[in-house]
Structures are given as structure tokens and as C-alpha cells.
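What follows draws every value from the coordinates through simple rules; no lab data is involved. Bear in mind that the values here come from a model prediction, so they are computed numbers and not experimental data. Cβ atoms come from the backbone with ideal geometry, glycine included; neighbour counts cover every protein chain shown.
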Amino acid sequence: MRAYVVHAHPEPRSFTAAMRDTIVAALRERGDEVSVADLYEIGFNPVLSRADFLDPQNPEALAYTAEQRAGYAGRTLAPDILAQAEAVLAADLLVLTFPVYWFSMPAMLKGWIDRVLLSGPMYSGRHMYAKGGLRGRRALVAASLGGRDHMFGEAALHGDLERGMLSHLLRGTLGVVGYDVVAPFWAYHAPYVDQAERERMLARLRRYVLDLERAPLLDMPDLASFDERFRPITGTP
Ligand SMILES: Cc1cc2nc3c(=O)[nH]c(=O)nc-3n(C[C@H](O)[C@H](O)[C@H](O)COP(=O)(O)O)c2cc1C
């Protein structure tokens, strides 16, 4: 299996970087072929702009997703986008490692998503979820948090991580483009726990990745409940 690990943390000695290294080592132990993009290290440009298109179809009134489709088909996307998109398309497993910032992800990773997950090869108005361009592949999120585990959940202070706080990533992004989204790995209270607890978390992460086939998948909308224009089928005429 081919895995692509996209990492977004500004500090190479961070716990989140240790999570990334643990995942890479466990995947290699399984015999997977792994490549890594450390977005800060490569100085990835996270700002979506018109410069993303070398030969825009409609420069007077740029329509970003239409330009993505034309740019991918004509190979006229900016080279950094094209290289990342090809790496994503070549991988059976996408792994994202990052710290949770403000109920979300670092802007660096958000910008990678905005620029690299392309309308056309990865999704379209008619191809989402089980019909998305990346269907048949899996995605794993492994994120660190400052909060403690009891702060997250349906009745908890910050609400549920999967169905609430990070649903924009898990469902609205990874699910939409078609991935089978594995239940994420959360490293709670990461900056505050002692070395022994960090090692326990990394050991748990290693076991999780070694046994990834058995990890549960997050629920996604069932396309059978929607018509060809994605209107809900209510059962009433
Ligand atoms: C800008 C910023 C925003 C943050 N927002 C959150 C948050 O919404 N929820 C949370 O639990 N932790 C939050 N944190 C804490 C980080 O998630 C935590 O410091 C990080 O996961 C630690 O990872 P590290 O030990 O690898 O640096 C935030 C930290 C920063 C710098």
C-alpha cells in the first residue's frame, strides 16, 4: 500500500512531529511505501490565489474550481499544486498530522487542502462521498490537542470532535472527496502530559496504525438516500 503523510506543525521537535514519525515507522513496519510532506519544512505556500493557474481560462473573472478542472486537465496548475495533487492521487492512504488550532487545523494545512484537493480529479458537483474521486482509499487524521479528553464529546464542554468541531475536515473535506475516513487518533492534553504519558500515547498510536485495517470508519451520508441532484429522498411523492 502507498501512504502519503501530510504534516503541519512549525516545530520539528514537537510531540506532533513524534506522532508523525511513529506513524511513518509503523506504516513501514507493515511494508507500506510511505512518503511525507512536512509543509513547514518545504515552505508550502498555503495562500490560494490567481497565481495558482499558469494559463487561466477566464482571467477577467476567475472561477477557482473551474480553473482547477481546466488546469489539471491541461497541466497548467502551479507546479507545487500539481506535485501535491499527484502524490495524493497516487496514495491509497492519506494521513494528516497536526495540532488542533481554534477548533480547527493550522492555516498551513487548511491552505494545502484549499489548493491541492482539486475539483475535477477529486470531486465535482456530481461526484461526492461514495462517488468522490478518492473513493476506495482511506484517510487517517492524527491530531494533538491542548484540551483534556473529558472536554470533548456530545455533552462535554467543547462538544464532539468528530461530529462537531472537526466535521468540516472529516466529513466536509475527506468524506466529500470520497475517502473512507478512519476514526481519528486524538492525543489529548499533549503539551502538559509527562514523558511517560507521551510514550504511552505514541505506543497506542503505533498499535493503532499497525492494525489500521480493523479501525472503525466514520459514518458518511448514504447516497441511496439522495436523488441524482443530491436532494433527500423523502419517500413522499
Ligand atoms: C493558535 C492555537 C490555537 C489552539 N487552539 C486549540 C483548541 O481549539 N483546542 C485545543 O484543545 N487546543 C488548542 N491549542 C493547543 C494545541 O492544540 C496544542 O498546544 C498542541 O496540540 C500541542 O502539540 P505539540 O505538543 O506537538 O506542540 C491551540 C494552540 C495554538 C497555538
Protection proxy ranking of 35-41, 166-172, 147-153 - average other beta-carbon atoms within 10 Å, highest first: 166-172, 35-41, 147-153
Karplus 3J(HN,Hα) series, Hz, for region 94-109 with 6.51 cos²θ - 1.76 cosθ + 1.60 (x for Gly, Pro): 10, 10, 10, 10, 6, x, 6, 10, 6, 6, 8, 10, x, 3, 4, 6
Dipole of region 90-214, positive end: most advanced residue of 150, 133, 186 [Cβ charges, Cα centre]: 133
Table column - 3J(HN,Hα) (Hz), region 53-65, Karplus curve with 6.51, -1.76, 1.60, x for Gly and Pro: 10, 6, 9, x, 6, 9, x, 6, 9, 5, 10, 4, 6
Amide H contacts of residue 159 (H built 1.01 Å from N, under 5 Å, at least 5 apart or other chain): 153
Cα-centre dipole for region 138-210 with unit charges at Cβ (Lys and Arg positive, Asp and Glu negative), debye to 20: 220
Magnitude of the charge dipole, the chain, Cβ model with Lys/Arg +1 and Asp/Glu -1, debye to 20: 240
Span from the region 164-229 Cα centroid across to the region 32-52 one, whole angstrom: 21
Distance (nanometres) between label positions extended 7 Å along Cα→Cβ at residue 227 and residue 195: 6.4
Point-charge dipole on Cβ atoms (K/R +1, D/E -1) for region 87-202, about Cα centre, debye to 20: 520
Relative contact order (%) - criterion: Cα under 8 Å, at least six apart; region: the chain: 21
Rounded if a/c under 1.5, otherwise prolate or oblate - region 38-111, Cα gyration tensor axes: prolate
Label-point separation in nm, residue 156 to residue 49, each point 7 Å along Cα→Cβ: 3.9
